[in-house]
Amino acid sequence: MPSLDINDTTLHYEDEGTGPALLFLHGWGTSGRTWCAQLPDFTRDHRVVTVDWRGCGRSAHPARGNTTAMVVTDIVALIDALRLDRPVVIGSSIGGVFATELALRRPELTGGVVSVGAPGYWPSTETQAELVAALRRDRAGTVADWVPGWYAPGTAPALIDWTVRQILNSGVYIDEHQATAAGYDPRPALPGLQVPIHYLHGELDTAIPLEVPRTCAALTPGAEVSVITGAGHMPHQELPDRFNAALRTVLARMAPAARTAG
């Protein structure tokens, strides 16, 4: 099981295929396994890296460093250690926040960003205190009640149950991301983003409304939004064939821009 010891923690990652590099970042509490429906397709013609970021999945679950800044620092170290050549970073939910922040802070390391259902500024419009308190009081019950709403109606119960199990198997310290989410708003920085970004969003996402990627894209030079019809907050899991086709279209558009930037 490949792992990397960095920044006083241990990250599990998987690295397969050859070609232009793609780095996939999962959402809160899950793991790189959420991209399993993308791997057989994209490893045919890309170098594909998935990582369980700190506190999640098969990586270590440290009590400290569970912040956006530290996760981005970990990703920078991973890119350096694996010698990834300006990967396109695809991030789901809060993984899309990490991808965007990486591009803002270290644009020279990033060939592009694909933000999938990312919360953006949305948590800053509401308090997260009630959610954090509920997680501390009844973690299993809160997660079991919350996660089904991430998915579109008709999603297989087994997929929802699998997501719940992943979250419950991750560390409790990642709740810091929820506790501090209300203080995050990327909108002032987006006009200065120097790498291509594309927003992929589920049509039926009730966790993060379509207003969010459309607002962010309007602030960002060259950004576009693609809507995955019939999908909720996790389109790469719910409708993988549709998602994969959309992602391939986005990557084809990004390639000329990435070459020009490089």
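Each value in this text was obtained by applying a stated rule to the coordinates, not by laboratory testing. Just so you know, these numbers come straight off a predicted model, no measurement behind them. Cβ sites come from the backbone with ideal geometry, for glycine too, and all protein chains shown count toward neighbours.
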Would you mind computing, in nm to one decimal, how far apart the modelled labels at residue 146 and residue 224 are, each placed 7 Å from Cα along Cα→Cβ?
3.4 nm
Would you kindly calculate the mean projected area, averaged across all directions, of the convex hull enclosing the Cα atoms of the stretch 126-200, in square nanometres?
7.0 nm²
Environment charge of residue 70, counting only residues whose C-beta is closer than 9 Å and scoring Lys/Arg +1, Asp/Glu -1
+1
Label residue 172 and residue 83 with points 7 Å out from Cα along Cα→Cβ: what is the distance between them in nm?
4.3 nm
Expected sort for 250, 225, 195 with the fewest Cβ neighbours (10 Å cutoff) up front is 225, 250, 195
Quarter of Cα convex hull surface for the stretch 1-88, i.e. mean projection, nm²:
5.3 nm²
State whether the stretch 168-262 is rounded, prolate or oblate according to the following rule on the C-alpha gyration tensor (a ≥ b ≥ c being the square roots of its eigenvalues): a/c under 1.5 gives rounded; otherwise a/b larger than b/c gives prolate, and the remaining case gives oblate.
oblate
What FRET efficiency would be calculated for the residue pair residue 67, residue 244, taking the C-beta separation as r and a Förster radius of 25 Å, to the nearest 0.05?
0.20
Using Cα pairs closer than 8 Å and at least 6 residues apart in sequence, work out the relative contact order for the stretch 3-261, in percent.
19 percent
To the nearest 0.05, the calculated FRET efficiency linking residue 162 and residue 125 through their beta-carbon distance, R0 being 41 Å, is 0.85
Sort 236, 46 so the one with the fewest other Cβ atoms within 10 Å of its own Cβ comes first.
46, 236
Tensor-based shape of the stretch 1-51 (alpha-carbon gyration tensor, a/c under 1.5 rounded, otherwise prolate or oblate)
oblate
How big is the convex hull of the Cα atoms of the chain, per residue, in Å³?
113 Å³
